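What follows is a short report on a single structure.
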Amino acid sequence: MVATLVFLGTALWRQEFTLQRTYRTGEVFIYDVKSEITVQNRQISVKFRSIEKTSEVEPKKVTIELTQTDGVIVVGGQTMAQPERKSVNTIAPSGRLIKITGESIDGDNYRRSGLLTLEFPTKPISIGGEYLVRIRADHAVGSVDAEKRYTVVAKESILGREAVKLKCVAKELGGKKPISMTQDLWVEISTGLLLKEVVVFENYPMINDTTVPGRIEFTLRF
């Protein structure tokens, strides 16, 4: 009996499944985003709503319109409203970032987004498995060499959806102040939709060449 249970547990552990995002033109998803950063020993809280609309789906690229709205920053007990921000991300079906367009887009935008963006495995995965994603530097946009190592942790139910939990250790391999981050991600198995992401980071680039440690969390709103 014990041997049978061990066999079944091992079989379930090794069961392979495909994880890939299904994109549909016109679909809209909204995430509640909150972040805590430390700047010169001061805690700063940031909250906003991220609206993601898939505006075009092509065989080799997907265009997503991003709107950050209802943003507030809390510093020293004072709350300041933030203006709405818009940008457009072009990504490959695998999740790889191709291009960002919008106001005041620079190399730091590509560095941050390149590490934060979920990328999918090219082969079926199983619990306990790993896959590695490498990002090549693109001097035209200001990005540097980086890598993201994903571990498939478990299958879990979250927000009423069946998901796989991934852990990602992402880091830049060059530059003066390389970004590093650890991400916990919950991804719906049937669609590849990101349900929740919790990120702890170091050397996150801000304005005026400032880098900060902190944490950011994305949660899909239904």
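Those residues that are open to solvent by less than 30 Å² (accessible area, probe 1.4 Å) and either among the small types (Gly, Ala, Ser) or over 21 Å from Thr90 (Cβ atoms) (or both), I need them from region 58-76; list them, please.
Thr69, Gly71, Val75
Whether any residue in region 108-123 is open to solvent by 70 Å² or more (accessible area, probe 1.4 Å) and not polar (S, T, N, Q) is what I want to check.
Within region 108-123 (the criterion being open to solvent by 70 Å² or more (accessible area, probe 1.4 Å) and not polar (S, T, N, Q)), the answer is yes, since at least one residue qualifies.
Just to be sure before I move on: is Ile127 more than 25 Å from Phe29 (Cα to Cα), touching a Pro at 6+ places or on another chain (Cβ under 9 Å) and β-branched (Val, Ile, Thr) in the structure I sent?
So Ile127 does not fit the description; no.
Filter region 19-56 down to residues that are closer than 24 Å to Met206 by Cα and charged (D, E, K, R) and give me whichever is surrounded by the fewest Cβ atoms within 10 Å (Cβ to Cβ).
Checked region 19-56; the qualifying residue surrounded by the fewest Cβ atoms within 10 Å (Cβ to Cβ) is Arg42.
Look at Glu172 and say whether it is open to solvent by 30 Å² or more (accessible area, probe 1.4 Å) and either more than 30 Å from Phe222 (Cβ to Cβ) or more than 18 Å from the chain's Cα centre (by Cα) (or both). Walk me through it before giving the result.
Working: open to solvent by 30 Å² or more (accessible area, probe 1.4 Å): no; either more than 30 Å from Phe222 (Cβ to Cβ) or more than 18 Å from the chain's Cα centre (by Cα) (or both): yes.
No, not satisfied.
Only residues that are more than 18 Å from the chain's Cα centre (by Cα), at negative phi and not in a strand (DSSP E or B): list them for region 106-135, please.
Across region 106-135, the qualifying residues are Asp106, Lys123, Pro124, Ser126, Ile127, Gly129.
Would you check which residues across region 183-211 are at pLDDT below 95 and β-branched (Val, Ile, Thr) and list them?
Correct list: Ile207, Thr210, Thr211.
The values are calculated or read from the model by the stated rules, or taken from the named source; none is laboratory data. Only a predicted model underlies this, so the values are computations on that prediction, with no experimental measurement involved. Neighbour counts are summed over all protein chains in view; Cβ atoms, including those assigned to glycine, are modelled from backbone coordinates with ideal geometry. Only protein heavy atoms, including side chains, enter the accessible area calculation; ligands, DNA and RNA are left aside. Shrake-Rupley method; radii C 1.70, N 1.55, O 1.52, S 1.80 Å.
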